[in-house]
1. Identify all residues within region 280-290 that are assigned to a helix (DSSP H, G or I) and crowded, with 16+ Cβ neighbours inside 10 Å; write none if there are none.
2. Please work out if Leu102 is crowded, with 19+ Cβ neighbours inside 10 Å, more than 16 Å from the ligand (Cβ to nearest atom) and either among the hydroxyl-bearing types (Ser, Thr, Tyr) or modelled with pLDDT of 95 or more (or both).
3. Kindly indicate whether Leu92 is in a helix (DSSP H, G or I), among the aliphatic types (A, V, I, L, M) and not assigned by TED's automatic domain parsing to the domain that holds Thr166.
4. Identify the residue in region 113-130 that is touching a Gly at 6+ places or on another chain (Cβ under 9 Å) and part of a loop (DSSP other than H, G, I, E, B) and, among all such residues, is surrounded by the most Cβ atoms within 10 Å (Cβ to Cβ).
5. Restricting to region 1-39, name every residue that is modelled with pLDDT of 80 or more, of a type outside the set (Asp, Glu) and within 30 Å of Asp215 (Cα to Cα).
6. Which of the residues belonging to region 313-329 are under 18 Å from the mean Cα position of the chain (by Cα) and touching a residue at least 40 places away in the same chain (Cβ under 8 Å)?
7. Which one of these is within 15 Å of the ligand (Cβ to nearest atom) and touching a residue at least 60 places away in the same chain (Cβ under 8 Å): Gly81, Gly71, Gly97, Gly126?
8. Tell me yes or no: at least one residue of region 310-325 is under 30 Å from Tyr62 (Cβ atoms), at pLDDT below 95, assigned to a helix (DSSP H, G or I) and assigned by TED's automatic domain parsing to the domain that holds Ile20.
Amino acid sequence: MIKTFIYRIILHSGLLRLWIYKNRKTINILMLHGVMDKTIDDSWYPFWNRISPDFLASRLEYLSRYYQFIGIDEATEMLSGDRPIRPNCMVLTFDDGYRNNLKYAMPVLRKFNAPATIYLATGYVGGQRPFQVDRLDYAIQSTDLVNHRFRINDTIFKYDTRSRATLTGSYRRHRALIQSSSENEQDYRNKLVSLALELEDESGQSIFDNFNNDDWVNILTWDDIRSYKYNDVEFEGHTVNHYRLALLDDNHVLDELRTSKNDIEEKLGRKCKHLCYPVGSYNQSVINIAESCGYKSAVTTNEGLNAVGCDLLRLYRIPFPSSGDIVSNVIFMSGLGFCISSFIRRLRGASGTWQLHK
Ligand SMILES: [Zn+2]
C-alpha cells in the first residue's frame with residue numbers, strides 16, 4: 001500500500017518523467033521469457049512466471065508513452081558510438097525461444113511497432129525437446145505432492161502445498177538443492193531428468209504426451225522461424241545446451257558459442273551477432289571467448305541501464321515484471337524502481353545492486 005502510494009506520487013509529481021529525461025541517453029533492455037494466456041489452456045501451467053498477452057499489451061501501451069522500441073542490433077550500434085543515440089530507447093528481449101513468443105507476444109508487439117530479439121538455445125530448437133526444468137515442472141505438478149518426500153543426499157525435502165505461491169517457492173528450493181548436490185552442469189541435468197522420469201513413471205503422465213500442442217513449453221522449430229513472415233524479430237544466440245557458461249571449461253564454452261552461432265547462420269541464412277548468457281552465467285574468460293567467436297554484444301541478468309561506451313559483452317537488463325500494478329511496473333522498468341530500492345538498502349547499510357553500466 002505504502003509502495004503503491006509512493007509510486008503514484010513519483011508518477012504525478014513528474015519525477016518519473018524527469019528520471020526518464022535524465023537517462024534519455026541510456027538504453028533499457030528488458031528481459032522476457034514466455035507470453036501465454038492462462039485461460040487458453042488451463043489444464044496446467046508452469047510454476048515459472050509467464051505473462052499474458054493482455055498484461056504485456058497494457059504495459060507496452062504505457063511504456064510507449066515514454067520510450068521508442070528498437071532491436072538489439074541498433075541498440076548495440078548506438079551504445080558503441082557507431083551511430084548517434086536516439087533518446088529514450090528500449091529493447092525487448094525474449095530468452096529461450098518459446099513458440100509462444102511468435103504466437104502470442106509478437107502480435108502484441110506489432111501493435112506498438114516494437115521489434116523483439118529472441119535468443120535461441122539451438123539444441124532445443126533443433127531437437128524439439130523441452131527444457132529440463134519445464135519437463136520436471138510438469139512431472140512435479142502431475143504428482144501427489146502432499147505425501148511425497150524427496151531425498152537429495154541426506155536431505156529429505158517436502159513441498160509446501162498450501163498455495164500456488166508456496167509450491168512455486170518449493171520448486172525453486174528443490175532445484176537449488178539438486179543443483180548444490182551436483183558435481184557439474186551435466187550431472188545437474190541428469191538428476192533433473194532422472195527425477196522427471198521417476199515421477200512420470202509414477203503418475204503415468206509426461207510432458208511429451210502433448211508436447212507439440214503445448215504452447216506453455218513448446219520450443220520454436222527452424223521451420224517456425226523460417227516461415228515467420230514479419231521482419232520484426234532478430235533471432236540471436238543463447239548457446240546450444242543452455243549450460244551456465246561460467247561453470248564450463250574454455251573448450252566447452254567455445255563449442256557452445258561457436259556451434260549455436262553457426263547453427264543459426266546456416267539454418268536461417270542470416271548473421272547471428274548477439275548473445276545471451278544462459279541463466280546470466282559468465283566470467284571474463286567467457287566474455288573473451290564470445291568476442292573471439294564474433295559476437296558484437298551479450299546480455300546478462302545484471303540489473304541496470306546501459307550508457308554509451310559500456311562493455312557490449314556485458315549488457316545489463318531489467319526483468320519484465322509478471323505481476324503488480326501498471327504504474328509500479330513502469331517505474332520498475334524505467335530503472336527508477338531499482339534506484340530507489342537500492343538507495344533505501346544503502347540507507348539501511350546494505351549494498352545496492354542497481355547500477356548505470358558505463
Ligand atoms: Zn535461458
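1. Gly280, Val286, Ile287, Ile289, Ala290
2. Yes; evaluated as a whole, the condition is true for this residue.
3. No: the conditions fail for Leu92.
4. Ala121
5. Asn28, Ile29, Leu30, Met31, Leu32, His33, Gly34, Val35, Met36
6. Arg314, Leu315, Tyr316, Arg317, Ile318, Pro319, Phe320, Pro321, Ser322, Ser323, Asn329
7. Testing whether each residue is within 15 Å of the ligand (Cβ to nearest atom) and touching a residue at least 60 places away in the same chain (Cβ under 8 Å) leaves just Gly97.
8. no
The values are calculated or read from the model by the stated rules, or taken from the named source; none is laboratory data. Quick caveat, the model's predicted, so the values are computed rather than measured. Positions of Cβ are backbone-derived with ideal geometry, glycine not excepted, and every protein chain shown enters the neighbour counts.
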